[in-house]
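Beneath this line is the structure, given in structure tokens, with notes to follow.
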Amino acid sequence: MSDGILKPEKDYSDVLEVELPKIDELLTMDIQGAVERLLALEKQTRQSSDLASTEKLLVKIITIYKNTGDWKQMNEQVQLLSKKHGQLKQAITRMVQEVITFLDEAPDMETKVETIENIRTVTEGKIFVEVERARVTRMLAKIKEDRGDIDAAADLMCDLQVETYGSMDNREKTEFILEQVQLCVARGDFSQATVLSRKISTKYFDNPEVQDLRLRFYELMIQISLHDDKYLDVCKHYRAVYDTASVKDDELKWKDVLRSIVYFIILAPFDNEQSDLIHRIESDSRLQLLPMESELIKCFTVDELMRWPRIDEIYGVQLRKVAVFEVSSPKGEKRWDDLRKRVIEHNIRVVAKYYTRIHTSRLKTLLDLSDQETETYLSDLVTQGTIYARINRPERIVTFDKPKDANDVLNEWSSNISSLLGLVETLSHLISKEEMIGVKA
């Protein structure tokens, strides 16, 4: 096959104008004879590097077989013509593109699949028709998916590295990758779905013309994060959906999304990022239009104890009706248990803030837990580094005050002395000021 666009040694356009009408007349009587004459002309145009004439002849040959309904012979000719010595790359591309347009006219699904497979064979390993190969592979994957063969569809799509295709526009690339992710999610391969999703730059979704792809992407990311119980990531993805213009303009949509944001931020384990995000969510003025969610998130942002039985009594009936905490769902039950855990962890942090030492009997009363549960939750938070605590088992005392070494004590004393001297100096200035005012009076 020749490389690049070659200057034709001879222009056969005038010859074709004379020969093609004659061949069209011959078609009505002898199809094979007409095709042979076209093949003879194709050889001459190919050897002379006449691209325009070669393209016209290749398309003419495959169209004849398509119109006569001989799809098997058409596929054979596509194979033969693409392998001809010195065949022009652009001519092959044009022929493949024409065959793709025929697919919707295939007499049955079996013929369509055979034609697609034939195109995939012809285009295999050829960079100049990689986009066409990707498109027919996408069609084949869709057929497999419709037949319920998700694994085969996913394997077909995941073999395509469309992110490296320079001739494919960004929107089509993104659509391909999203389909790859969707098929991996459908067959339960969430690890592969996560890897594929990273091929998409989220900055691309800042373009207002691709809002549909933005929503589709984050919907898939939510599914992946939910599978792994990564509540903070789910919340972030919902916030990205919430910031989409089409969602902001639809009251029903943004209310549903904002509710989900609240539910998943309170389910997320406490850390600096979660703490910062929950306060930013609470400051959203639209949250006031959702009274229950507004009150619920406030419980987690103030340093006050909230008893789980009371939370269950106030919010339990309504929360168990939403999909996130659905009673009939195993995931819903797990999230409800996680919510109880977050309430208990919040209460322990509050206790650690207000107490330096506390008896375990008092602590378990404040937390509404048994001795064993109290120690378990306390140990988990200490292990995570969220709080400092030490349990004196014989005396049954929990100490939250972290011991200070000599340097810490000295630094604190030095800081206190500096503050005291600063206050004394300020007081001295104020006294001097009052004395001067008194003298002038």
Any hit, region 95-110, residues being modelled with pLDDT of 90 or more, open to solvent by less than 40 Å² (accessible area, probe 1.4 Å), touching a strand residue (DSSP E or B) at 6+ places or on another chain (Cβ under 8 Å) and assigned to a helix (DSSP H, G or I):
no
Residues of region 57-88 that turn out to be of a type in the set (Lys, Arg) and within 42 Å of the chain's Cα centre (by Cα), as a count
3
Of the residues Val15, Val59, which is open to solvent by less than 30 Å² (accessible area, probe 1.4 Å) and touching a residue at least 12 places away in the same chain (Cβ under 8 Å)?
Val59
Would you mind finding the one in Asp233, Asp151 that is touching a Lys or Arg at 6+ places or on another chain (Cβ under 6 Å) and part of a helix (DSSP H, G or I)?
Asp151
Close pairs from region 236-258: first open to solvent by less than 50 Å² (accessible area, probe 1.4 Å), partner acidic (Asp, Glu) and outside any helix (DSSP H, G or I), Cβ under 8 Å, at least 6 apart
Leu258/Asp284
Would you pick out the residues in region 94-126 that are touching a Lys or Arg at 6+ places or on another chain (Cβ under 9 Å) and among the hydroxyl-bearing types (Ser, Thr, Tyr)?
Thr111, Thr123
Looking at the structure I just gave you, is Ala323 open to solvent by 30 Å² or more (accessible area, probe 1.4 Å), among the hydrophobic types (A, V, I, L, M, F, W, C) and under 26 Å from the mean Cα position of the chain (by Cα)?
yes
Scanning for something closer than 13 Å to Ala352 by Cβ, of a type outside the set (Val, Ile, Thr) and in contact with a Ser or Thr (Cβ under 9 Å, 6 or more places away or on another chain), does region 402-413 turn up at least one residue?
no
Quick check on region 403-414. Is at least one of its residues of a type in the set (Asp, Glu), part of a loop (DSSP other than H, G, I, E, B) and over 30 Å from Asp312 (Cβ atoms)?
yes
Can you name the condition, by its number, that Arg396 falls short on among (1) open to solvent by less than 80 Å² (accessible area, probe 1.4 Å); (2) at positive phi?
(1)
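Residues are listed down the side, and each one gets a yes or a no for (1) of a type outside the set (S, T, N, Q); (2) touching a Ser or Thr at 6+ places or on another chain (Cβ under 7 Å):
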| position | (1), (2) |
| --- | --- |
| Ser285 | no, no |
| Lys334 | yes, no |
| Arg340 | yes, no |
| Thr360 | no, yes |
| Thr383 | no, no |
| Tyr388 | yes, no |
Members of region 366-402 found to be without any contact (Cβ under 8 Å) to a residue 40 or more places away in the chain and part of a loop (DSSP other than H, G, I, E, B), listed by number:
Leu369, Ser370, Gly385, Ile387, Tyr388, Ala389, Arg393, Pro394, Glu395, Arg396, Lys402
Within region 220-229, how many residues are under 21 Å from Ile177 (Cβ atoms) and surrounded by fewer than 17 Cβ atoms within 10 Å (Cβ to Cβ)?
2
Would a scan of region 31-44 turn up a residue that is more than 20 Å from Tyr12 (Cβ to Cβ), open to solvent by 50 Å² or more (accessible area, probe 1.4 Å), assigned to a loop (DSSP other than H, G, I, E, B) and not acidic (Asp, Glu)?
no
When you scan region 47-67, how many residues do you find that are of a type in the set (Gly, Ala, Ser) and in a helix (DSSP H, G or I)?
2
Return yes or no: is Val343 within 35 Å of the chain's Cα centre (by Cα), open to solvent by less than 30 Å² (accessible area, probe 1.4 Å), more than 30 Å from Tyr388 (Cβ to Cβ) and not basic (Lys, Arg)?
no
For region 149-161, state whether one or more residues are within 29 Å of Gln274 (Cα to Cα) and surrounded by fewer than 17 Cβ atoms within 10 Å (Cβ to Cβ).
no
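Yes or no, residue by residue, for (1) open to solvent by 30 Å² or more (accessible area, probe 1.4 Å); (2) farther than 22 Å from Asp256 by Cβ:
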site	(1), (2)
Ile278	no, no
Arg286	yes, no
Glu295	yes, no
Lys298	yes, no
Asp303	yes, yes
Trp308	yes, yes
Ile314	yes, no
Val317	yes, no
Flagged pairs (Cβ under 6 angstrom, 6 or more apart or on separate chains; first in region 292-306, closer than 22 Å to Tyr354 by Cβ; second among the acidic types (Asp, Glu)) are Ile297/Glu282; Thr301/Glu282
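Conditions tested, residue by residue: (1) at pLDDT below 95; (2) part of a loop (DSSP other than H, G, I, E, B); (3) open to solvent by 60 Å² or more (accessible area, probe 1.4 Å).
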{"residue": "Gly188", "(1), (2), (3)": "yes, yes, no"}
{"residue": "Lys199", "(1), (2), (3)": "yes, yes, yes"}
{"residue": "Gln211", "(1), (2), (3)": "yes, no, no"}
{"residue": "Tyr218", "(1), (2), (3)": "no, no, no"}
Looking at region 261-274, is at least one residue in a helix (DSSP H, G or I) and more than 23 Å from Glu345 (Cβ to Cβ)?
no
Of residues in region 111-130 being among the β-branched types (Val, Ile, Thr) and surrounded by fewer than 19 Cβ atoms within 10 Å (Cβ to Cβ), the one farthest from Lys173 (Cα to Cα):
Thr111
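The values are calculated or read from the model by the stated rules, or taken from the named source; none is laboratory data. Remember, predicted model here, so these are calculated numbers, not experimental data. We place every Cβ from the backbone using ideal geometry, glycine too, and count neighbours over all the protein chains shown. Side chains are part of the model used for accessible areas, which takes the heavy atoms of the whole protein and leaves out ligands, DNA and RNA. Shrake-Rupley method; radii C 1.70, N 1.55, O 1.52, S 1.80 Å.
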